[in-house]
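Remarks on the structure that follows.
Read the figures in this text as sums done on the coordinates, not as results from a lab. Note that the structure is a prediction, hence the values are computed from the model and not measured. Every residue, glycine as well, gets a Cβ built from its backbone with ideal geometry; the counts of neighbours run over all protein chains shown.
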Amino acid sequence: MSIKRDLLRERLFDPKFYNTLYIRKEDEEAARNEHVEILVELLCDVKHKAARQDVLNFLKKEPKAVNLLIQAISEAKGDKKVLVSVCWEADLDCHEYLPFFTDIVLKDNYEVALEAFTVIEHISGEIAPEQATGLIARIR
């Protein structure tokens, strides 16, 4: 038994037999930012117009992509209208982000606000009554 244990120790502590991958928080954030940039480019750059429907289909199937899209919208400057419109064009489940889109309706320019209002109209998930009351009060 001790021979096996010694062999295991030798292998476990010998770098020839294992590799360790360390993921730092900064690397994870950098990768996420890179994904956001790629998503924005695919949706907003006219040279990718032919692939737009494929991107919309991908967004609809990938639940984590909604979070990337929301991050892209919150960081967007010139492409905000296009990014917001993707939410309803791809029929994404955005009910968790109702306060986010309400803020866009209240604070952004008319075109972006209109797209955000369309997203709100297409929300089909459950909205808690207290959340709805709070948002209505904020709108008034």
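The table for this structure:
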item	result
Under 19 Å from the residue 75 label point (7 Å along Cα→beta-carbon), backbone N, the stretch 90-109	100-101
At 1.002 mPa s and 20 °C, Stokes D of the stretch 56-112 from Kirkwood alpha-carbon radius, µm² per second	186
Length released on extending from residue 91 to residue 37, taking residue separation times 0.36 nm less the Cα-Cα span	17.3 nm
Local net charge near residue 53, Cβ-Cβ under 11 Å (Lys/Arg +1, Asp/Glu -1)	+1
Total formal charge among the other residues, if their Cβ is under 11 angstrom from that of residue 131, Lys/Arg +1 and Asp/Glu -1	-2
